[in-house]
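Undergrad: First the structure, which I've put down as structure tokens, then a few questions once you've had a look.
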Amino acid sequence: MARTNEFRDKKVIGALLARIAENKRSLPSPCRIMEVCGTHTMTVHRYGLQSMLEKAGIEMVSGPGCPVCITPGEVHEAAIRLVTENENVILATFGDMTRVPTHLGSLQNAVPAKGSAVKIVYSPEESLDLARQKSNKEIVFFGVGFETTIPSIAVMAKAAAGEELSNYSILSALWLIPPPLRAILESGEVKLSGFLYPGHVSAIIGQEPYTFVAREFGFPGVIAGFEPGDILLGIISILDQIREGRPRVANEYTRVVRPEGNPVAQALMREVLEPKDACWRGLGVIPGSGLKFKAEYSAYDTEVKHDLRITARGIDLPGCRCGEVLRGILLPSRCPLFGKKCTPESPCGPCMVSFEGACLVHYKYRGPKS
Amino acid sequence: MCLAIPSMVIEIDEVHRTGKIDYLGTKVKTNFALLDDVRIGDWVIVHAGFAISRLDEEDAQETLDLLREIAEKS
């Protein structure tokens, strides 16, 4: 049933690319498509689709779809301060988060206070297990993510509240995908022909939250899966929408994404969290683009519990241009630091750290001079 | 973080809504709190330890048929 090979079949990919080239010929150039999701960026480069699509007249640009990347430096710095300035704090987070450079260094290089530590986890659930096992330690889960991850964080807060765990809280960096799409379209900084919507965010939120893109901006978009065949099918849909003059929210990932999304996950998010205006790296403050814990869950909100008062500005470290990469206005290879001062071994910004970061993906699959 | 490849459910603890999936031959602990009525043998998409969606076999077949149709026409 996984049958992923069939979505990667050479003959199928060749036929899809030929169809794209043929459909593109009748359209005014250029045709530039933003892959909103970092995992799409990975597929595009891993399978060499970028250069094949360029030959067919399609330019792919990366967008803001890397949660590690768009989390402002000030939030990462708050996490560093928690473990360096407080004793007996265990800060649990995803691996990528520990390597993001800030004015205070990174979590990986931070020297924790006595009894404190940074612990890499794969799932939010591991952080809750830590709180259950280590009652003499304060466990902080530094939870970052889009709608794909947010429901699991809501489950953690509910479980912690249910068990009345007093040594557990969540430093949340929770981002919603539709609001930055509006910000990108309104700014008009990058001339785009369509959006490739993230498949697994869409599995949670469904199709409706994107409808404003077609309705208000007359702009095509498609929900796509993560195999090469999925992405190329999505691009064919965008070209069809342009040709027919009928922009909509198409869904080419029906095997995973239902029109209504995942109602269980949506209900959990609504129960535990509420929208807030949030500051994104590179994009600044976007209305209603983040989530925070509702008052009844404030005991599990690290910002409230530890009185953090984070003021995010979303500005890069000197020289780093991740913000522009995340807005889709700078190709990673055009950054003067790319492949020279900034490499995966010694990253200058988060886009070279995260496995979904556009700079790391370019470096990995196209080389330091890509 | 995101296992974009579908995985099969192989163990379920219905009380805790947790269990295990087979991800490319590896057993991975998974939380099923975000899906109702998960059964052994279901194919799911797992993200950061949580199953977020169930794979629909008919829809998968339709997409594969479409891909084959395009390949045959070329």
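Undergrad: If you go through region A:120-127 one residue at a time, do you hit one that is in contact with a helix residue (DSSP H, G or I) (Cβ under 7 Å, 6 or more places away or on another chain), modelled with pLDDT of 95 or more, not hydroxyl-bearing (Ser, Thr, Tyr) and not in a helix (DSSP H, G or I)?
TA: Yes: region A:120-127 contains one or more residues that are in contact with a helix residue (DSSP H, G or I) (Cβ under 7 Å, 6 or more places away or on another chain), modelled with pLDDT of 95 or more, not hydroxyl-bearing (Ser, Thr, Tyr) and not in a helix (DSSP H, G or I).
Undergrad: Out of the residues in region A:41-77 that are in contact with a strand residue (DSSP E or B) (Cβ under 7 Å, 6 or more places away or on another chain) and among the small types (Gly, Ala, Ser), state the one that is nearest to A:Pro28 (Cα to Cα).
TA: A:Gly57
Undergrad: Mind listing whichever residues of region A:24-55 are in a helix (DSSP H, G or I) and over 29 Å from A:Pro180 (Cα atoms)?
TA: Scanning region A:24-55 gives A:Arg25, A:Lys55.
Undergrad: Restricting to region A:107-127, and then to whatever is of a type outside the set (A, V, I, L, M) and farther than 21 Å from A:Ala159 by Cβ, can you tell me which residue is nearest to the other protein chains (Cβ to nearest Cβ)?
TA: A:Gln108
Undergrad: Could you tell me whether region A:261-279 includes any residue that is in contact (Cβ under 8 Å) with a residue 12 or more places away in the chain, surrounded by fewer than 21 Cβ atoms within 10 Å (Cβ to Cβ) and within 30 Å of A:Arg366 (Cα to Cα)?
TA: no
Undergrad: Then there's this: For region A:1-23, enumerate the residues that are part of a helix (DSSP H, G or I), under 28 Å from the mean Cα position of the chain (by Cα) and more than 10 Å from every other protein chain (Cβ to nearest Cβ).
TA: Passing the criteria: A:Asn5, A:Ile20.
Undergrad: Being away from chain B (no Cβ under 12 Å), over 18 Å from A:Thr343 (Cα atoms), open to solvent by less than 20 Å² (accessible area, probe 1.4 Å) and assigned to a helix (DSSP H, G or I) is the requirement here; does A:Ala92 meet it?
TA: When the stated conditions are applied, A:Ala92 does not pass them.
Undergrad: Suppose the filter is on the phi > 0 side of the Ramachandran plot, outside any helix (DSSP H, G or I) and not assigned by TED's automatic domain parsing to the domain that holds A:Leu360; does A:Gly143 pass it?
TA: The answer is no for A:Gly143.
Undergrad: I've got another one for you. State all residues of region B:25-61 that are at the interface with another protein chain (Cβ under 7 Å from one of its Cβ atoms) and free of Cβ contacts under 8 Å to residues at least 12 places away in the same chain; if no residue qualifies, say none.
TA: Those that are at the interface with another protein chain (Cβ under 7 Å from one of its Cβ atoms) and free of Cβ contacts under 8 Å to residues at least 12 places away in the same chain: B:Asp36, B:Asp56, B:Asp59, B:Ala60.
Undergrad: Here is a list: A:Gly367, A:Gly339. Which entry is over 22 Å from the mean Cα position of the chain (by Cα), on the phi > 0 side of the Ramachandran plot and buried (at least 17 other Cβ atoms within 10 Å of the Cβ)?
TA: Selected residue: A:Gly339, the only one of A:Gly367, A:Gly339 that is over 22 Å from the mean Cα position of the chain (by Cα), on the phi > 0 side of the Ramachandran plot and buried (at least 17 other Cβ atoms within 10 Å of the Cβ).
Undergrad: When the residues of region A:297-326 are filtered to those that are of a type in the set (Asp, Glu) and touching a residue at least 12 places away in the same chain (Cβ under 8 Å), which remaining residue is farthest from A:Glu77 (Cα to Cα)?
TA: A:Glu324
Undergrad: Hey, another quick one. Report, by residue number, each residue of region A:27-48 that is modelled with pLDDT of 90 or more, more than 10 Å from chain B (Cβ to nearest Cβ) and open to solvent by 30 Å² or more (accessible area, probe 1.4 Å).
TA: Correct list: A:Arg32, A:Arg46, A:Tyr47.
Undergrad: For chain B, please list each of the strands (runs of 3 or more DSSP E) lying entirely inside it that holds at least 3 residues being more than 30 Å from A:Arg19 (Cβ to Cβ) and among the β-branched types (Val, Ile, Thr).
TA: B:2-13, B:26-31
Undergrad: I need the full set of residues from region A:95-106 which are under 16 Å from A:Ser346 (Cβ atoms) and either away from chain B (no Cβ under 12 Å) or among the small types (Gly, Ala, Ser) (or both), in order please.
TA: Within region A:95-106, A:Thr98, A:Arg99, A:Val100, A:Pro101, A:Thr102, A:Gly105, A:Ser106 meet the criteria.
The values are calculated or read from the model by the stated rules, or taken from the named source; none is laboratory data. Bear in mind that the values here come from a model prediction, so they are computed numbers and not experimental data. Because the Cβ atoms are built from the backbone with ideal geometry, glycine has one as well, and the counts that use them run over all protein chains shown. Quick note on the areas: whole protein, heavy atoms, side chains included, nothing else; ligands and nucleic acids left out. Shrake-Rupley method; radii C 1.70, N 1.55, O 1.52, S 1.80 Å.
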